[in-house]
1. Inspect region 302-316 for any residue being under 15 Å from G349 (Cβ atoms), in a helix (DSSP H, G or I) and not hydrophobic (A, V, I, L, M, F, W, C) and give the result as yes or no.
2. How many residues does region 364-420 hold that are part of a loop (DSSP other than H, G, I, E, B) and at pLDDT below 85?
3. Just checking, does region 273-290 include any residue being under 16 Å from V332 (Cα atoms) and open to solvent by less than 10 Å² (accessible area, probe 1.4 Å)?
4. In the list A507, A483, A451, A478, which residue meets the criterion of being in contact with a Leu (Cβ under 9 Å, 6 or more places away or on another chain) and closer than 28 Å to S231 by Cα?
5. Please state which one of I208, I203, I280, I261 is more than 19 Å from S394 (Cα to Cα), out of contact with any Asp or Glu (no Cβ under 9 Å at 6 or more places or on another chain) and among the aliphatic types (A, V, I, L, M).
6. If you scan region 478-489, which residues turn out to be in contact (Cβ under 8 Å) with a residue 40 or more places away in the chain and either in contact with a helix residue (DSSP H, G or I) (Cβ under 8 Å, 6 or more places away or on another chain) or surrounded by 20 or more Cβ atoms within 10 Å (Cβ to Cβ) (or both)?
Amino acid sequence: MTKNEELPSLIKAISDHEVAGFDGVEAPHTSLSGIEAAEIETHSVSISMPPSPVEHKAKRVLFDDDSTNLAPPPSAPTTMFYSQPIPKASALHEAITNGKSAPLPPRINKLRDKRYDSFKTWSGKLERQLTNLRGRPCEREPHRVEMGSVPVDRYFDALEGPELDVLRPSEEILLPEDKLWPFLLRFPVSSFGICLGVSSQAIMWKTISSTESTRFLHISPHINQVFWFISIAVMAAVAAIYALKLVFYWEAVRREYHHPIRVNFFFAPWIALLFLAMGIPPSINKTLPKPLWYVLMTPIFCLEVKIYGQWMSGGQRRLSKVANPCNHLSVVGNFVGALLGASMGIKEGPIFFFAIGLAHYTVLFVTLYQRLPTNETLPKELHPVFFLFVAAPSVASMAWAKMVGSFDFGSRIAYFIGMFLYLSLAIRVNFFRGIRFSLAWWAYTFPMTGAAIATIRYSSAVDNAVTKTFAVILCLVATLIVAALLVVTVIHAFILGDLFPNDMAIAISERRPKSSTTRRWYHRRAASSDAAVDQYLKFSDAKDAELVETQPAGP
């Protein structure tokens, strides 16, 4: 463009005269010449401001040929507006539109309750692997929370109740108290007691239908088949649920194993399998393979080596400290295994386990009978466990009779011991009034069933009306007890909904709370000066505090 070339009149007018309010410049009061005014036609220019967070309106500038002066528009604010980026659709909306999966926003993952991670296997590592296999990558946990072994003293200090399952008021737990825990965390190992009660009924009805002394009752073998299949179903269900707990909540299972009472229930699943082997209907199988006995007795032997060694070596888990009627579960497995092995034609194995069971039952019987001063009086809610005293001698009498081939004097001695203990408990009606229901009661039903089976065997050796009547009465009592427990269990499970409450026994902290320790120290030093008390409370360990207490006081 040359210098002599003239600009169009409209552009020249805009260049010479700034528009008011557009660039912060007010309109000048200079009038246009007549030629320029004539050349300018009437134009309407609409200018829209770019999007901004401040509300704005379109500015309209009018150029009129008839006007010689530009009318000054109203004053406009001098705020500068900047262009904003065009908003995009959300990633979740695009994923839904395109049909592709998209990860959830990070803030949603943060809403997950992580208070249970310390009890999960590998702090949820297995759960993350399963999530990745489903095609949903999940975030890594910052670090794993390591949990040490809880000493046995902590269980006695932090818990109370008949089975050490009630938290003391001064204690705190690692899991939330304001909500119901996951089902697997609330499912205890004592649930295998249901398998013991039902499977022992299968053995009893098999014995009634196949023994000569009770043929007059005309009991059909189909009852044995019904109880045996029910036992198989119950055992499969309980074992499957606890296997899931073993996989996903290993820390909870480990704490149950270190619990001074719960550890005895780890014998229950293997004893229940021995009961299923003995109660198998003759129409299904009459002879069991001998390797089956060794497979079932191996875990029992491993548990006994561990627990009996702790009883013998002393320490925190010595028998005089952890003795409880539930310890009979760790002994009765020897006699049940000896009975099954002798029934299968095995010679040395049954004698081996019978000898181990006899030795440790004698020690346990004396310890529990004396109630050593180191043990507190057994609470009222645990009175039904006294029937476990009856289990071992009753099963031992049948095992000895099977090994020697007759119900001789040795079998009768064990049988009479069991019957005396049974009668001494049964006549004490007030002993079992006002007690609270517990799922562990199922483990206390098989001793009564074992006593009934032993009585049937005894009535075969001593065949008269008294022994037969006694056998029928004990069988009826055992059946009624199992039926009553079944009804109560169903009520608590489906009506009351409290069959599996939060299991406080597995959620205790590893160390005693400082508040309770501080109060105990304060009472010890109540007669000391304020300065000595302040120095005393600085220590978090009781041993260090005792050292300070022995030091001479300053001037």
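The values are calculated or read from the model by the stated rules, or taken from the named source; none is laboratory data. Nothing here was measured: the structure is a model prediction, and the numbers come from that model. Heads up, the Cβs are rebuilt from the backbone with ideal geometry, glycines too, and the neighbour counts pull from every protein chain shown. In case anyone asks, the SASA skips ligands and DNA or RNA and just uses the protein heavy atoms, side chains included. Shrake-Rupley method; radii C 1.70, N 1.55, O 1.52, S 1.80 Å.
1. Yes.
2. Of region 364-420, the ones part of a loop (DSSP other than H, G, I, E, B) are 371-379, 405-408.
Narrowing the set further to residues that are at pLDDT below 85 leaves 371-379.
Looking only at that region, the number is 9.
3. yes
4. Details: A507 fails: closer than 28 Å to S231 by Cα; A483 fails: in contact with a Leu (Cβ under 9 Å, 6 or more places away or on another chain); A478 fails: in contact with a Leu (Cβ under 9 Å, 6 or more places away or on another chain).
None of the other options fit; the residue is A451.
5. Working: I208 fails: more than 19 Å from S394 (Cα to Cα); I203 fails: more than 19 Å from S394 (Cα to Cα); I261 fails: out of contact with any Asp or Glu (no Cβ under 9 Å at 6 or more places or on another chain).
None of the other options fit; the residue is I280.
6. Initial filter on region 478-489 (in contact (Cβ under 8 Å) with a residue 40 or more places away in the chain): 478-479, 482, 485, 488-489.
Within region 478-489, A478, T479, V482, L485, T489 qualify.
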